[in-house]
């Protein structure tokens with residue numbers, strides 16, 4: 001089987017949320033699997049000297065409107081959350097811990113966290129909220145709480161994020177398809193063609 | 001007839017070039033016309049405190065690759081120009097002058113300048129190059145040269161660019177469809193649906 005597609009996401013990114021609902025089905029259409037990898041936009045922005053999009057003059061106001069419109073375009077339920085953006089360090093640690101045990105369950109947790117933030121408006125920067133969302137999935141609260149403060153998990157996330165940035169990941173969603181980088185939910189159509197033709 | 005679509009472009013923007021080849025046909029499909037308006041990315045970036053994309057760490061290297069890939073995706077011939085980006089002040093003045101006399105001819109000139117830069121690799125920041133490209137269109141070199149240094153045209157471009165930024169234009173291509181703002185060649189699909197349904 002061909003290599004899996006790499007999908008780098010930050011749980012606070014509206015476009016990563018939109019893409020997360022489609023990428024596995026898109027890949028499956030071409031006989032591919034998807035590996036989900038947590039990244040932290042804050043770390044990438046620091047490496048780029050960039051400002052969070054919602055805070056950029058002119059672009060910020062447009063973006064708030066655009067997030068909701070793109071969500072409608074993709075058929076994704078969306079309520080712009082407040083506060084926005086939020087730190088997803090705890091959530092990313094929870095994902096990474098679970099991913100080491102059960103990658104499919106980790107994807108379900110990430111999907112639930114995206115919905116918690118972008119549909120329910122829960123503040124997923126809180127470790128307690130992450131645990132509560134995980135508990136709905138039948139995951140053990142005590143285990144997850146312990147995992148999020150485990151130095152090994154903290155270190156693993158740092159390594160993961162540093163490696164992603166070193167590989168050129170500067171935004172979310174960010175994909176690699178057989179080494180080819182794609183940034184943005186608006187590149188899903190290019191990924192579709194790339195997979196169909198083996199490049200273009 | 002419904003209001004025309006506004007298409008704001010900088011002749012040094014690869015994505016504006018890509019969109020320029022499609023927007024009139026897309027609009028015509030929905031019985032709409034397109035008004036082409038020159039903007040200057042440098043002025044918008046200054047208003048945003050932004051850095052030209054190709055100079056941003058991580059994003060810059062990706063973007064150079066992405067320009068060419070998106071051009072292929074859209075079937076647009078493309079050779080990444082050097083230098084990039086370039087000032088398009090002279091070219092925008094030439095466009096604006098001609099637009100006041102013959103908007104259709106001004107669109108043809110803009111299309112020829114996009115091709116001169118992104119296909120032929122000519123440095124369109126030079127007023128002489130602008131005049132040479134215009135001459136191929138049968139436009140009068142002496143008239144155009146005079147127009148580019150006409151204080152009234154200089155002032156008109158400044159007014160045009162300031163008004164665009166005041167209206168929220170921060171990048172190129174930038175479109176308004178019945179007041180709804182769309183940024184990027186990758187929003188042509190949303191514009192298509194917006195025109196078909198009167199919003200979504």
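Each reported figure results from applying straightforward, stated rules to the coordinates on display, with no laboratory input. Keep in mind it's a predicted model, so treat the numbers as computed, not measured. Cβ atoms come from the backbone with ideal geometry, glycine included; neighbour counts cover every protein chain shown.
Overall, the anisotropy analysis places the range B:127-200 in the prolate class: the square-rooted eigenvalues a ≥ b ≥ c of its C-alpha gyration tensor yield a/c not less than 1.5, with a/b exceeding b/c.
Considering the rotation that superimposes chain A on chain B, the residue of A whose beta-carbon lies nearest the axis, and that distance in Å, is A:186, 2. Peptide B:56-66 has a mean shielding of 5, counted as Cβ atoms of other protein chains within 10 Å of each residue's Cβ. Cβ crowding within 10 Å ranks A:154, A:29 as A:29, A:154, fewest other Cβ atoms first. Panel note: the C-alpha atoms of the protein assembly as shown, placed on their principal axes, show extents of 79, 38, 36 Å (largest first).
Name the most mobile residue of B:115, B:155, B:33, meaning the one with the largest mean-square fluctuation, in a Gaussian network model of chain B with Cα contacts below 10 Å. For chain B, modelled as a Gaussian network with Cα springs under 10 Å, the answer is B:155. So, R0 is 25 Å and r is the distance between the beta-carbons of residue A:120 and residue A:64; what FRET efficiency does that work out to, to 0.05? Using R0 = 25 Å, I get an efficiency of 0.85. Per-residue mean of foreign Cβ neighbours for A:169-180 is 1 (Cβ atoms of other chains, 10 Å radius).
For a test of the definition: using alpha carbon positions, the gyration tensor, and the 1.5 limit on a/c, classify the range B:56-200 as rounded, prolate or oblate. Oblate, because a/c is 1.5 or more while a/b does not exceed b/c. In this label model, residue B:166 and residue B:33 are separated by 2.5 nm, measuring between points 7 Å along each Cα→Cβ vector. Among B:95, B:170, B:67, determine the one that fluctuates most according to a GNM of chain B built with springs between C-alpha atoms less than 10 Å apart. Ranking B:95, B:170, B:67 by mean-square fluctuation puts B:67 first. Sorted from closest to farthest, the other copies place their residue B:108 label points 6.4 nm away, with each point set 7 Å from Cα along Cα→Cβ. Highest GNM mean-square fluctuation among B:49, B:171, B:60, for chain B modelled with Cα contacts below 10 Å: B:49. Each residue in A:55, A:66, A:180 was given a count of other beta-carbon atoms within 10 angstrom of its own, and listing them fewest first yields A:55, A:180, A:66. Each copy carries a label point for residue A:137 at 7 Å from Cα toward Cβ; from one copy, the others' points are 5.6 nm away, ordered from shortest.
Each peptide in A:97-107, B:121-131, B:17-27, A:75-85 was scored by the mean count of other Cβ atoms within 10 Å over its residues; highest first, the order is B:17-27, B:121-131, A:97-107, A:75-85.
Ellipsoid fit via the Cα gyration tensor, the range A:1-141: semi-axes of 23, 19, 15 Å, each the root of five times an eigenvalue, largest first. Look at the alpha carbon pairs under 8 Å that are at least 6 residues apart: their mean separation over the length of chain B gives a relative contact order of 31 percent.
Using a 7 Å projection from Cα along Cα-to-Cβ, the label point at residue A:123 is separated from the same position in the remaining copies by 5.4 nm, smallest value first.
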